[in-house]
1. Only one residue in 82, 54 is in contact with a strand residue (DSSP E or B) (Cβ under 9 Å, 6 or more places away or on another chain), touching a residue at least 12 places away in the same chain (Cβ under 8 Å), closer than 21 Å to residue 7 by Cα and not in a loop (DSSP other than H, G, I, E, B), so which one is that?
2. Out of 92, 115, 32, report the one residue that is among the hydrophobic types (A, V, I, L, M, F, W, C) and modelled with pLDDT under 95.
3. For the stretch 7-26, name all the residues that are assigned to a helix (DSSP H, G or I) and either modelled with pLDDT under 90 or more than 23 Å from residue 137 (Cα to Cα) (or both).
4. Within the stretch 112-125, can one find any residue that is of a type in the set (S, T, N, Q), in contact (Cβ under 8 Å) with a residue 60 or more places away in the chain and in a strand (DSSP E or B)?
5. I need the full set of residues from the stretch 90-111 which are part of a helix (DSSP H, G or I) and not β-branched (Val, Ile, Thr), in order please.
6. Can you tell me which residue within the stretch 90-137, out of those that are acidic (Asp, Glu) and loosely packed, with under 12 Cβ neighbours inside 10 Å, is nearest to residue 33 (Cα to Cα)?
7. Is there a residue being among the β-branched types (Val, Ile, Thr), assigned to a loop (DSSP other than H, G, I, E, B) and under 21 Å from residue 127 (Cβ atoms) anywhere in the stretch 31-43?
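The values are calculated or read from the model by the stated rules, or taken from the named source; none is laboratory data. This one's a predicted model, so the numbers in the text were calculated from it and none came from an experiment. As a convention, Cβ positions derive from the backbone with ideal geometry for all residues, glycine included, and neighbour counts pool all protein chains shown.
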Amino acid sequence: MNLSKIKDIIKGINICMLSTINKKGYIDSRPMLTVFDNSDLEHLFFFCLDNSQKIIDLRENNNISLSYQDKSKGNYIHVIGKSDIINDIPTMQSKWNKQLNTWWPNEAKTEGISMIKVKITSVRYWTKDETGIIKVN
C-alpha cells in the first residue's frame, strides 16, 4: 500500500471526521468534505468559515486527525497531520471543488472563508486485504 492508493480509497469516501484539540486539551471532531489536488500527494484540503471552532483550535495547536471509513468495502483510514490555515483567494480558488458551492455559492471569494491545508505525516489503514502504517517525511 502506498500514499497514492490511500488517497484513491479516501476519494471514494470523501467525508471524514476531522479532529482537533481544543484550548482545554479535549478532542473535538466534526464531519468535513475532503478536497483533493491530484498533483499533490502529501496534502488534503478542507474549507470552512474563518471564525469556526476548528480554525480557533488549529491556530492554538496545528495537529490534526482525519478518520475515514467505508464499511461496505471494509476500508478504514486514519490520517495524522499538521495543518496550515490559508486565506489567499487565488490559492483557495485553485483547490475549489464544485461540491463546496452548496455552502459557498460565491466560491473562494466568500468573505470569511478559510482553507485548511493538511500535510500528511502518517497514515494508518485497515482494508479487507491488509493493514499497515505509512510514514510521510
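1. 82
2. 92
3. 12, 13
4. yes
5. Scanning the stretch 90-111 gives 90, 92, 93, 94, 95, 98, 99, 100, 101, 107, 108, 109.
6. By that ranking, first place goes to 111.
7. yes
One line per residue, one yes/no per condition, for (1) under 15 Å from the mean Cα position of the chain (by Cα); (2) surrounded by fewer than 13 Cβ atoms within 10 Å (Cβ to Cβ); (3) over 20 Å from residue 132 (Cα atoms); (4) modelled with pLDDT of 95 or more:
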| position | (1), (2), (3), (4) |
| --- | --- |
| 5 | no, yes, no, no |
| 28 | yes, no, yes, yes |
| 45 | yes, no, yes, yes |
| 55 | yes, no, yes, yes |
| 81 | yes, no, no, yes |
